[in-house]
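Report on the following structure.
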Amino acid sequence: MTAFPDLRLKRARLDTYGRPDVPELVDRYGRVARDLRISVTDRCNLRCQYCMPEEGQEFLPTPEVLTDDEIIRLMRIAVDELRIEEIRFTGGEPLMRKSLEKLVAAARGMTAWTGAPLDLSLTTNGLGLKHRARGLAEAGLNRVNVSMDTVSPQAYAALTRRNRLKDAQAGAAAAAEAGMTPVKLNALVMPGVNENGVCDLLQYALEHHYELRFIEFMPLGPRGTWKRSQMVTREDILRIVEQHFELTHRPGPERGASPAEEWDVLPGTNHPGGRFGIVASVSRPFCGECDRTRLTADGQLRSCLFAREETDLRALLRGGASDTEIADTWRAAMWGKQAGHGIDDPGFLSPARPMSAIGG
């Protein structure tokens, strides 16, 4: 059995779950991973400024990408052996994987250790979702996040380097029609690029009953594109929005592992009101409550979006390792998770992989 710290010293409450023979994905700071993010491809049909270079991006050779059976086996290990309760499929652009419905259906056939169904979600740019939303919903997908940084066709084309805004909007509408509500929109706010369109985007989301998530620009794109001093922060976004909408901070407990801090928008003369959130990973990090574990398209395990190290589960899969050996390796890797992403540390270094190769 792989060397692994004695979890009883850190998490005595494990025994209360009634399955002490199947330890959770606990790290040395007491965080428990319940949410598995799986990148099913590193390929994408957009070239967003904050994610990829316009040209010259190298993608994984097909033999290096996990097969359907390999992904399904890792999902099964995560659920049955490691108590994962949520799975989010990401990319690259996950809709570029033709077998996505098969993977969703396989996950829907699994049951969490609590006896409840898994919570299954997808992060997508929405291109092509118009044609697949119904099938994905029928396969068992619960929720969809559509990346849409602006509702200006010109700004969208400049930011993504593709003129595909109408396709993204059609994809979001199809997801809503398929019953995967509330549809969430993800909008990364960049200085001098789309910050002036923040209110137009929120207006659009409210009119369509979508939940918008503004996201602070993080150092995960092409080298040299991120400067902290130029970042549009949570406070900046709030200041812009409050000039045009009446807000109330959502009551209730702290956000916990949820990345978004949320506000209610009171109904106005030209919108029905609704809800939006801000993911302030840089200015207000939620590392202390993080419950995520990540798999890249080539089967590398990452304990953090900003991790500098990876653990090769693909080699174990293809080398004949048992489920127990893979689970033990997964636990050991997550035990070593750092306390935080360290963006504010003077010695911070961005991950070697770009966002498209890590998964959202």
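The values are calculated or read from the model by the stated rules, or taken from the named source; none is laboratory data. Because the structure is a prediction, the values reported are computed rather than measured. All Cβ positions, glycine included, derive from the backbone under ideal geometry; neighbour counts span all protein chains shown.
Scanning segment 55-63 finds one or more residues that are surrounded by fewer than 17 Cβ atoms within 10 Å (Cβ to Cβ) and touching a residue at least 40 places away in the same chain (Cβ under 8 Å). For residue 186, the requirement of being under 20 Å from residue 39 (Cα atoms), at pLDDT 95 or above and crowded, with 22+ Cβ neighbours inside 10 Å is not met. The set of residues in segment 96-105 that are free of Cβ contacts under 8 Å to residues at least 40 places away in the same chain and closer than 19 Å to residue 294 by Cβ contains only 104. Candidates in segment 140-197 are the residues that are assigned to a helix (DSSP H, G or I) and among the hydroxyl-bearing types (Ser, Thr, Tyr); of these, the one that is farthest from the chain's Cα centre (by Cα) is 156. Scanning for something closer than 19 Å to residue 42 by Cα, within 20 Å of the chain's Cα centre (by Cα) and crowded, with 17+ Cβ neighbours inside 10 Å, does segment 109-122 turn up at least one residue? Yes, segment 109-122 contains at least one residue that is closer than 19 Å to residue 42 by Cα, within 20 Å of the chain's Cα centre (by Cα) and crowded, with 17+ Cβ neighbours inside 10 Å. When residues in segment 306-334 are screened for being in contact with a strand residue (DSSP E or B) (Cβ under 7 Å, 6 or more places away or on another chain) and hydrophobic (A, V, I, L, M, F, W, C), 4 of them pass.
Residues that are modelled with pLDDT of 95 or more and out of contact with any Phe, Trp or Tyr (no Cβ under 9 Å at 6 or more places or on another chain): does segment 48-62 have at least one? Yes, some residue in segment 48-62 is modelled with pLDDT of 95 or more and out of contact with any Phe, Trp or Tyr (no Cβ under 9 Å at 6 or more places or on another chain).
Evaluation of residue 304 against the conditions (1) farther than 24 Å from residue 84 by Cβ; (2) assigned to a loop (DSSP other than H, G, I, E, B); (3) at pLDDT 80 or above shows that the sole unmet condition is (1). For segment 81-91, the count of residues that are in a loop (DSSP other than H, G, I, E, B), in contact with a Lys or Arg (Cβ under 8 Å, 6 or more places away or on another chain) and among the β-branched types (Val, Ile, Thr) is nonzero. Restricting to segment 284-314, what's the tally of residues that are among the hydroxyl-bearing types (Ser, Thr, Tyr) and within 19 Å of residue 60 (Cα to Cα)? Selection size over segment 284-314: 2. Taken over segment 106-131, residues that are outside any helix (DSSP H, G or I) and in contact (Cβ under 8 Å) with a residue 40 or more places away in the chain amount to 7. Do you know which residues across segment 329-360 are modelled with pLDDT of 80 or more, among the charged types (D, E, K, R) and either in a loop (DSSP other than H, G, I, E, B) or surrounded by fewer than 20 Cβ atoms within 10 Å (Cβ to Cβ) (or both)? The one that is modelled with pLDDT of 80 or more, among the charged types (D, E, K, R) and either in a loop (DSSP other than H, G, I, E, B) or surrounded by fewer than 20 Cβ atoms within 10 Å (Cβ to Cβ) (or both): 337. Among the residues of segment 91-98, some residue qualifies, meaning at least one is charged (D, E, K, R) and surrounded by 16 or more Cβ atoms within 10 Å (Cβ to Cβ).
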